[in-house]
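K.L.:
Below you will find the structure I want to go over with you.
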Amino acid sequence: MTSLANFATYALHGLPAEMAHRIAVSALAAGLGPRAATDPPALSVKLWGLTLPNPIGIAAGFDKDAEAYAGLLRAGAGFVEVGTVTPRPQAGNPRPRLFRLPADGAVINRMGFNNRGMAAMAQRLAGRDRSAGIVGVNIGRNKDGDDSDYKTCFKILAPLADYITVNVSSPNTSGLRESQGRDALSALIESLQEVRTRLGLTLPLLVKIAPDLTNEQRQDIADVALSSGLDGLVISNTTIARADTLQSRARSEQGGLSGRPLLAPSTALLAEMHQLTEAKLPLIGTGGIASAGDARAKIAAGATLVQLYTALAYRGPRLIREIKRGLATA
Ligand SMILES: Cc1cc2nc3c(=O)[nH]c(=O)nc-3n(C[C@H](O)[C@H](O)[C@H](O)COP(=O)(O)O)c2cc1C
């Protein structure tokens, strides 16, 4: 990589956030990203019968339409979670819908699941070289859809994925987070497990949760996760909370906040869910990771794997290398 990719990262900061992201994804899709060296064996992780070269993944929303996953894996990511994808294509919310909070190392987004739909994603994932790396698919529902959308996406995309994450935690689709409730969540997991069995598949099924949950909701999710035989949790999505400490002009924009202000609350939730699930469930920690120390804090709190988004958007792919180097020398 380095100077060209780093220069490109700086140049993109002058552009509106969504346009900069579009350019970065297109560059990765076109094979213009960096090529990482092979990871040291000490970083390798075995989980769910899969072997990952390292525990540093790319969080959902970065590669919504599965265009750039190969480039992200080549740039050194241990795995990529593509999506959120919905059954039908949808435009998402009106722009602007993505805001930088540079003084806070944060972003607010209210994208609203803009994506090209499950058929387009299936086309992109069909025939992928599975030996090139682990790709999870994050599934959601259309703006005017319901919980049956998850099943629709699962049927088409599970055969092409290494794992599936059920997104019931985006703050930008009305009513979506209600599926985190005990009964709704339990029914949803059960219905997807049924489809999985019917299709003769064994891939892991995960649920991604919000950081804005009551104590009762946390306990309910832990109970359902354990009793249903869920394979893991992704903790966490963006927050609708706004810390008083936020400095940037965009702090009162509506949407989900990610990045540095999310590090402490999402890591605390991770630790709590680790305890509530009696350390029996693999957890993916995401929220505010910007250094090897942050990744280590997630692992110490109970994460087996971690994911990046906001800091990666600010710093570019060299962040992946920097974090891996820090972990390898820990
Ligand atoms: C612009 C943007 C879009 C996102 N889109 C999705 C999405 O489609 N599905 C999802 O589950 N999470 C989505 N997320 C949340 C991230 O996957 C991640 O959980 C969150 O940003 C916390 O990590 P971070 O602080 O490192 O960014 C999005 C985040 C951002 C900033």
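The values are calculated or read from the model by the stated rules, or taken from the named source; none is laboratory data. Just so it is clear, the model here is predicted, and its values are computed rather than measured. Please note: Cβ atoms are built from the backbone with ideal geometry, for glycine as well, and neighbour counts cover all protein chains shown. Side chains included, ligands, DNA and RNA excluded: accessible areas come from the protein's heavy atoms. Shrake-Rupley method; radii C 1.70, N 1.55, O 1.52, S 1.80 Å.
K.L.:
Once you order the gyration tensor axes a ≥ b ≥ c over the Cα atoms, which shape class does the range 236-330 get: rounded for a/c under 1.5, otherwise prolate or oblate by comparing a/b with b/c?
P.N.:
oblate
K.L.:
Find the relative contact order for the range 160-225 and round it to a whole percent, using C-alpha pairs within less than 8 Å whose residues are 6+ positions apart.
P.N.:
47
K.L.:
Could you work out how much longer the chain between Ile23 and Leu199 gets when fully extended? Use 0.36 nm per residue separation minus the Cα distance between them, nm to one decimal.
P.N.:
59.6 nm
K.L.:
Related question: Given charges of +1 on the Cβ of Lys and Arg and -1 on the Cβ of Asp and Glu, with all other atoms neutral, how large is the dipole of the chain about its Cα centre, in debye to the nearest 20?
P.N.:
Charge dipole of the chain: 1040 debye, to the nearest 20.
K.L.:
Taking Cα pairs under 8 Å and at least six residues apart, what relative contact order does the range 191-330 come out at, in percent?
P.N.:
20
K.L.:
In addition: Select from Ser258, Ala20, Gly136 the residue farthest towards the positive end of the dipole of the chain; place +1 on Cβ of Lys and Arg, -1 on Cβ of Asp and Glu, and compute about the Cα centre.
P.N.:
Farthest along the dipole direction, towards plus: Ala20.
K.L.:
Any chance you could check the Cα centroid distance between the range 154-204 and the range 306-320 for me, in angstrom?
P.N.:
27
K.L.:
By its C-alpha gyration tensor, with a ≥ b ≥ c as the square roots of the eigenvalues, how is the range 1-137 shaped: rounded for a/c under 1.5, else prolate for a/b larger than b/c, else oblate?
P.N.:
oblate
K.L.:
Want the number for Arg249 to Ser191: 0.36 nm per residue separation, take away the alpha-carbon distance, what's left?
P.N.:
That pair, Arg249 and Ser191, stretches by 16.5 nm at full extension.
K.L.:
About its Cα centre, how strong a charge dipole does the range 162-285 have in debye, to the nearest 20, once Lys and Arg get +1 and Asp and Glu get -1 at the Cβ?
P.N.:
Roughly 420 debye, rounded to the nearest 20.
K.L.:
Among rounded, prolate and oblate, which fits the range 84-218 when a ≥ b ≥ c are the square roots of the eigenvalues of its C-alpha gyration tensor, a/c under 1.5 means rounded, and a/b larger than b/c means prolate?
P.N.:
oblate
K.L.:
Helix-only estimate, please: 222 nm mean residue ellipticity of the chain, summing -39500 (n - 2.57) across DSSP H runs of length 4 or more and dividing by its residues, to the nearest 500.
P.N.:
Counting only the DSSP helices, I get -11000 deg cm²/dmol.
K.L.:
Largest first, how would Asp63, Asp223 line up by accessible area (1.4 Å probe)?
P.N.:
Most to least solvent-accessible, the answer reads Asp223, Asp63.
K.L.:
Which entries of Lys151/Lys208; Lys208/Lys298; Lys64/Lys155; Lys64/Lys324; Lys151/Lys280 have Cα-Cα distances beyond 20 Å here?
P.N.:
In this structure, Lys64/Lys324; Lys151/Lys280 exceed 20 Å between Cα atoms.
K.L.:
Just to verify a number: what accessible area does Asp147 come out at with the full protein assembly present, 1.4 Å probe, Å² rounded to tens?
P.N.:
Roll a 1.4 Å probe over it and Asp147 shows about 50 Å².
K.L.:
Provide the solvent-accessible area of Leu43, counting protein heavy atoms only and rolling a 1.4 Å probe, rounded to the nearest 10 Å².
P.N.:
Its heavy atoms expose roughly 10 Å² to the probe.
K.L.:
Return the single residue from Thr310, Thr86, Thr277 with maximal mean-square fluctuation; model: Gaussian network over the chain, springs between Cα atoms under 10 Å.
P.N.:
Ranking Thr310, Thr86, Thr277 by mean-square fluctuation puts Thr277 first.
K.L.:
Rolling a 1.4 Å sphere over the protein heavy atoms, what is the accessible area per residue of the chain, to the nearest Å²?
P.N.:
42
K.L.:
Rounded to the nearest percent, how much of the accessible area of the chain (1.4 Å probe, protein heavy atoms only) is carbon and sulfur?
P.N.:
Percent of accessible area from carbon and sulfur atoms in the chain: 53.
K.L.:
Something else about it: Considering only protein heavy atoms, what is the solvent-accessible area of Glu216 at a probe of 1.4 Å, reported in Å² to the nearest 10?
P.N.:
Its heavy atoms expose roughly 130 Å² to the probe.
K.L.:
Okay, moving on. Please give the length that would be gained between Ser291 and Gln219 if that part of the chain were fully extended, namely 0.36 nm times their separation in residues minus their C-alpha to C-alpha distance (nm, one decimal).
P.N.:
So the extension gain works out to 22.9 nm.
K.L.:
Applying the Karplus parametrisation 6.51 cos²θ - 1.76 cosθ + 1.60 with θ = phi - 60° to the phi angles of the range 292-305, what ³J(HN,Hα) value in whole Hz is obtained for each residue in order, glycine and proline being reported as x?
P.N.:
4, x, 5, 4, 5, 5, 5, 5, 5, 7, x, 7, 8, 10
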